[in-house]
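Written below as structure tokens is the structure these notes are about.
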Amino acid sequence: MAFKKIAFVASRHANAQAALKRLLKRYEHVPPKEADVLVALGGDGYMLRALHSVMRRGIPVYGMNLGSVGFLMNAYRERGLLRRLARAKPVVLHPLRMQARDLKGRNHEALAINEVSLLRQTRLAAKLRISVDGKVRLPEMICDGALVATPAGSTAYNLSAHGPILPMGSRVLALTPISAFRPRGWRGALLQDRAVVVFDILDADERPVSAGADYTEVRTVAQVTVAQDPEVSTILLFDPAHNLEERVFREQFLP
């Protein structure tokens, strides 16, 4: 892939800002709105913000890790960046669309590349009714919450909640409970990526629940609908030896 207009962006952390200054001196660059590729410096959290910022434009994002985990990032190196960009492999991701209605009847929408999560807001456990494609699958789940994760997000919060790792290209989503008390033995489900999941919050006044789509949060929700949006896409670029599919596969063999 040949890119002629490169833009650099970085998180606010000092090491990322210092790297940004060095790269701006080394390489020709344009403002992000004029670029045909975006180079993002930081960690996975910042990468999510960078992806969201260009999602509607469809330009690819190449990340270099200057954060902690860096699952969505490539290794940081200043030399040879143009060659790395030319050799990078694209991965196309379709985000989840969250539609949430709060207790005041207001509707909210947000996109999530990693996951949509529901979490209790108080010491009281949440009570959720879960429907898939119009059919109630769990009439009541007492829990800390639940989430729907994409393959790209399956190694993030989903993995911490003991959800399955999903290989890239598997065309499935993970529906994962978070600290479920009842039904105690339910570990979640694998859904086709065209599935529509609806969470109804039971006793929402007494047991308030928030809903999050990546870094967007809606408080005191009454109902949340989650479905993949095939009309929206975002493109990540990875070095051939460290592509996202290989990373996801490798995670399944870690102790």
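Each reported figure results from applying straightforward, stated rules to the coordinates on display, with no laboratory input. Small disclaimer: the values here were computed from a predicted structure and weren't measured. As a convention, Cβ positions derive from the backbone with ideal geometry for all residues, glycine included, and neighbour counts pool all protein chains shown.
Projecting the Cα atoms of L191, A2, M55 onto the charge dipole of the chain (Cβ charges, centred on the Cα centre) puts A2 farthest toward the positive pole. Straight Cα distances below 15 angstrom link K5 to the aspartates and glutamates E28, E34, D36, with same-chain residues fewer than 8 positions distant left out.
Along the stretch 31-45 the Karplus relation, 6.51 cos²θ - 1.76 cosθ + 1.60 evaluated at θ = phi - 60°, assigns HN-Hα couplings of x, x, 5, 9, 7, 10, 7, 10, 9, 10, 10, x, x, 5, x Hz to successive residues, with x for each Gly and Pro. Compute the helix-to-body angle for 14-26: its Cα long axis versus the longest principal axis of the chain, expressed 0 to 90° and rounded to tens. The angle comes out near 40 degrees. Magnitude of the charge dipole for the chain, about its Cα centre and with charges confined to Cβ atoms of Lys, Arg (+1) and Asp, Glu (-1), is about 680 debye.
Summing charges over all other residues whose Cβ lies under 13 Å from the Cβ of P95, with Lys and Arg as +1 and Asp and Glu as -1, gives -4.
Among rounded, prolate and oblate, which fits the chain when a ≥ b ≥ c are the square roots of the eigenvalues of its C-alpha gyration tensor, a/c under 1.5 means rounded, and a/b larger than b/c means prolate? Prolate.
Label zone (V196, point 7 Å along Cα-to-C-beta; backbone nitrogen cut-off 14 Å) within the stretch 96-128: 97-100. Expressed per residue, the C-alpha convex hull volume of the stretch 96-228 stands at 90 Å³. Overall, the ratio between the Cα radius of gyration of the stretch 161-255 and 2.2 N^0.38 Å, rounded to two decimals, is 1.32.
Can you give the calculated 222 nm mean residue ellipticity of the chain, where each DSSP H run of n ≥ 4 adds -39,500 (n - 2.57) and the sum is split over every residue, rounded to the nearest 500 deg cm²/dmol?
Computed mean residue ellipticity for the chain: -4500 deg cm²/dmol.
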